[in-house]
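**Q** The structure under discussion is supplied below as structure tokens; questions concerning it will follow.
The values are calculated or read from the model by the stated rules, or taken from the named source; none is laboratory data. Keep in mind that what you see is a predicted model, and the values were worked out from it rather than measured. When we count neighbours, we look across all protein chains shown, and the Cβ atoms used for this are built from the backbone with ideal geometry, even at glycine.
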Amino acid sequence: MKKYDVVALGELLIDFTENGISGQGNPIYEANPGGAPCNVLAMLNKAGRKTAFIGKVGRDIFGNRLKEVLDEVGIDTANLVMDEAVRTTLAFVETLPGGDRDFSFYRNPGADMMLQESELREDILRHTEIFHFGTLSMTHEEVRKATKKAVALAKESGALISFDPNLRPPLWASLEDAREQAAYGFSQCDILKISDNEIQWFTGEEDFDAGIQKLREAYNIPLILLSMGRDGSRAYYQDLRVQKAPFLQDGTIETTGAGDTFGACCLHHVLKYGLDNLDAEKLAEMLTFANAAASIITTRKGALRVMPGVDEVEALLRKH
């Protein structure tokens, strides 16, 4: 048994989300702790898993607060680097009609993109069952090197590799660079969580099945999890294709963290059953649970601190 169930590397930042209008008619923003990798870990902690985060924040009011939040939710912060020289990354999130979001990042530079290879804790990377990452830690050269070294160390120690492209076009010098780094992630991962728009962007196929097939022909990925928003989700595993409907909620506020919640629940089930022991019934259980948890998070502001517990997800499943 390894010390950690899941270790994730990547961005930890403040999401400033709209929260009403002031008396002067100005938008009010709430400082929510965020960053996809830690959202994933927070949900896994709620499911009883042991997690650790690798990344960098500034030693400023936001960075100090983020460390406090990770400690509060139970994510190991032994490899959270606090940098005196650079500020914590910020993102302003505008919620669009229908619940989708538009992001404006303050990251030139931001602490998350300044992680160095020399700052990685090998003892943490070598003692995890699953290592999870995305492309935001590969937008710039130094943090890209750190990410790829972390992947190599985790793989050497027998960890499964989980990848979520989490495409954010404004953060890339070019989308060709984004495509190249996404391809690296596809080439390394055992578990891929990808969204409907990302599979279309990467493969050029409008039909999701055709896009997944093209991806599988190019890369040997044992488990692919496709999130499709209001159309639910699919799992592709060996010769199986399993699809489950979403849980649509009247109280949906925004979609922040929904994909991360979904992905975390899928990792929880991989840990439960093993990657080599999945079948149609287990995949259906995985997707149903993950869809339900993701629907709950859409009714809340932010994500990291308000992930649903297993009991809450199961209560929604019983209700339906």
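**Q** Quick one: in the stretch 11-28, of everything that is at pLDDT below 95 and touching an Asp or Glu at 6+ places or on another chain (Cβ under 6 Å), which residue is surrounded by the most Cβ atoms within 10 Å (Cβ to Cβ)?
**A** So, considering only residues that are at pLDDT below 95 and touching an Asp or Glu at 6+ places or on another chain (Cβ under 6 Å), the one surrounded by the most Cβ atoms within 10 Å (Cβ to Cβ) is Thr17.
**Q** Collect the residues in the stretch 83-130 that are farther than 19 Å from Ala173 by Cβ, touching a residue at least 60 places away in the same chain (Cβ under 8 Å) and out of contact with any Phe, Trp or Tyr (no Cβ under 9 Å at 6 or more places or on another chain), keeping them in residue-number order.
**A** Residues satisfying the conditions are Thr95, Gly99, Asp100, Arg101, Glu119, Leu120, Arg121.
**Q** Pull out all pairs, ordered by first then second residue, where Cβ-Cβ is under 7 Å, the residues are six or more apart or on different chains, the first lies in the stretch 226-242 and is more than 21 Å from Ile297 (Cα to Cα) and of a type in the set (Val, Ile, Thr), and the second is assigned to a strand (DSSP E or B) and at pLDDT 95 or above.
**A** Every condition considered, the pairs that remain are Val242/Arg234; Val242/Ala235.
**Q** For the stretch 94-140, how many residues are under 20 Å from Asn79 (Cα atoms) and either in a strand (DSSP E or B) or of a type in the set (Asp, Glu) (or both)?
**A** 12
**Q** So Gly55 clears everything in (1) under 16 Å from the mean Cα position of the chain (by Cα); (2) outside any strand (DSSP E or B) except one condition, right? Which one?
**A** Among (1) under 16 Å from the mean Cα position of the chain (by Cα); (2) outside any strand (DSSP E or B), Gly55 violates only (2).
**Q** Counting just the residues of the stretch 216-241 that are among the hydrophobic types (A, V, I, L, M, F, W, C) and surrounded by fewer than 21 Cβ atoms within 10 Å (Cβ to Cβ), which one comes out nearest to the chain's Cα centre (by Cα)?
**A** Met228
**Q** Let me ask you something else. When the stretch 257-272 is examined, which residues are found to be surrounded by fewer than 23 Cβ atoms within 10 Å (Cβ to Cβ) and either assigned to a loop (DSSP other than H, G, I, E, B) or without any contact (Cβ under 8 Å) to a residue 12 or more places away in the chain (or both)?
**A** Result: Lys272, single match.
**Q** Taking the stretch 79-117 on its own, how many of its residues are more than 30 Å from Met228 (Cβ to Cβ) and modelled with pLDDT under 95?
**A** Counting residues in the stretch 79-117 that are more than 30 Å from Met228 (Cβ to Cβ) and modelled with pLDDT under 95 gives 3.
**Q** Sticking with this one: Give the stretch 277-320 a look and list any residue that's assigned to a helix (DSSP H, G or I) and of a type in the set (Ser, Thr, Tyr), or say none. Outline the logic, then answer.
**A** Taking the stretch 277-320 as the starting set, the residues that turn out to be assigned to a helix (DSSP H, G or I) are 280-297, 310-319.
If the condition is that a residue be assigned to a helix (DSSP H, G or I) and of a type in the set (Ser, Thr, Tyr), then Thr288, Ser295 are the ones that fit.
**Q** Could you say which residue among Ala8, Ala111, Ala42, Ala52 is crowded, with 24+ Cβ neighbours inside 10 Å, more than 22 Å from Ala294 (Cα to Cα) and touching a helix residue (DSSP H, G or I) at 6+ places or on another chain (Cβ under 7 Å)?
**A** Result of the check over Ala8, Ala111, Ala42, Ala52: Ala111.
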